[in-house]
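Worksheet: one structure, shown below.
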Amino acid sequence: MYLPPHFEENDTDALHRTLREHPFAALVVNGPHGLDANHIPFEFDADAPPHGRLLAHVARANPVWQEVPDGSRVLVVFRASDAYVSPNWYPSKHEAHKQVPTWNYQVVHVHGTVRFTDDARFLRGIVGRLTRTHEARVASERPWKMSDAPADYLETMLQAIVGVEVTIERIVGKSKLNQNKEARDRLGAIDGLERQGARDVADAMRQAEARRTD
């Protein structure tokens, strides 16, 4: 990933927050047929040495767990907010007209090694934790629990998946939030994004502005 120093995200808490708040990511592998990507939700375990681990599962019918040997290096790409930024939102554009469109975004790349498992305890654990985490975000409804499903049906479904564990070697974050612009243009972009309803990016930019003044 191209990473100019002014866009590099070095805040560990911010990186971990992206992994937790935007868990649906792309697992990129280099298999026998070349590069391949699978899009799956991950659980982030920050306490596992040396830098944490990512846990997930794929369908047993997915060939990735047979084609990629345990210990292979992989990349997992998490994407947070993103939005188009119009040059018309920069006050300086209306003076010198020396601005162009851009795209603001936040991404995290996790580099590590992968292993696959069909251990029943692992599978029940990851499915149960992912379910509790995301059912808790479903508003005004009774959370679904694994015990809601008949035991034989649940067992059949668990046998149809394979566990994924990525041991993290390093985490690289990029927050491209107009840090290379002057203050009035950054604020103009925030206002423009808010008018367009892109509040996630606008909020991220406001937080970046607050850190500048701390």
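The values are calculated or read from the model by the stated rules, or taken from the named source; none is laboratory data. No experiment lies behind these values; they were computed from the predicted model shown. Neighbour counts run over all protein chains shown; Cβ positions are idealised from the backbone, glycine included. Accessible surface areas use protein heavy atoms only, side chains included; no ligands, DNA or RNA. Shrake-Rupley method; radii C 1.70, N 1.55, O 1.52, S 1.80 Å.
Seen from all directions on average, region 132-214 presents a Cα convex hull projection of 10.3 nm².
For ALA160 and ASP11 in one chain, what is 0.36 nm times their gap in residues minus the Cα-Cα distance, to one decimal in nm?
Numbers: separation 149, 0.36 × 149 = 53.64 nm, distance 3.83 nm.
Length difference between fully extended and current span is 49.8 nm.
Take the chain, mark every one of the GluC sites (Glu not before Pro) that falls in a DSSP loop and has at most 16 other Cβ within 10 Å, then report the longest stretch left between them, sites excluded. Intermediate values should be presented prior to the final figure.
Values: sites that count: GLU141, GLU182.
Formally, the longest exposed-site-free interval is 1-140.
For HIS39, the solvent-accessible surface with a 1.4 Å probe is about 120 Å², rounded to the nearest 10. Here the relative contact order of the chain, from alpha carbon pairs under 8 Å that lie six or more residues apart, stands at 27 percent.
Look at the dipole of the chain built from charges on Cβ: of LEU19, ALA59, ASN38, the Cα furthest out on the positive end belongs to LEU19. Running Debye on the chain with equal point scatterers at the Cα sites and no solvent, what base-10 log of I(q)/I(0) appears at q = 0.08, 0.11, 0.16 Å⁻¹? Computed log10 I(q)/I(0) values: -0.38, -0.66, -1.08. The string of couplings for region 10-23 from the Karplus curve (6.51, -1.76, 1.60, θ = phi - 60°) is 10, 7, 4, 4, 5, 5, 5, 4, 4, 4, 7, 8, 10, x Hz, one whole number per residue in order, with x for Gly and Pro. Of the chymotrypsin sites (Phe, Trp or Tyr not before Pro) found in region 2-65, those in coil by DSSP whose Cβ has at most 11 other Cβ atoms within 10 Å are TYR2.
At 1.567 mPa s and 4 °C, plugging the Kirkwood radius over alpha-carbon pairs of region 1-80 into Stokes-Einstein gives what diffusion coefficient in µm²/s? Walk me through the numbers before you get to the answer.
Numbers: Rh = 14.2 Å.
Taking Rh from Cα pairs, D becomes 91 µm²/s.
Taken one residue at a time, the phi angles of region 125-136 give Karplus couplings (6.51, -1.76, 1.60, θ = phi - 60°) of x, 5, 5, x, 5, 4, 4, 4, 4, 8, 5, 5 Hz. Gly and Pro are set to x.
Between rounded, prolate and oblate, where does region 61-161 land on the alpha carbon gyration tensor, with a ≥ b ≥ c its root eigenvalues, rounded for a/c under 1.5, else prolate if a/b exceeds b/c?
Working: a/c = 4.52, a/b = 1.91, b/c = 2.37.
Because a/c hits 1.5 or more and a/b fails to exceed b/c, region 61-161 counts as oblate.
Label positions at HIS51 and ALA26, each projected 7 Å from the Cα along the C-beta direction, are separated by 2.0 nm. Amide H contacts of GLY31: ASP36, each under 5 Å away and 5 or more positions distant or on a separate chain (H built 1.01 Å from N in the peptide plane; Pro and chain starts excluded). Among the trypsin sites (Lys or Arg not before Pro) within region 1-65, those in coil by DSSP and having at most 15 neighbouring Cβ atoms inside 10 Å are ARG60. Mean residue ellipticity, 222 nm, helices only, the chain: the sum of -39500 (n - 2.57) across DSSP H runs of n ≥ 4, divided by residue count and rounded to 500, is -10000 deg cm²/dmol.
What is the local net charge at GLU135, summed over the other residues whose Cβ is closer than 13 Å to its Cβ (Lys, Arg +1; Asp, Glu -1)? So the environment of GLU135 carries a net charge of +3.
Pairs of lysines in the chain whose Cα atoms sit within less than 27 Å of one another amount to 6, provided the residues are eight or more positions apart or on different chains.
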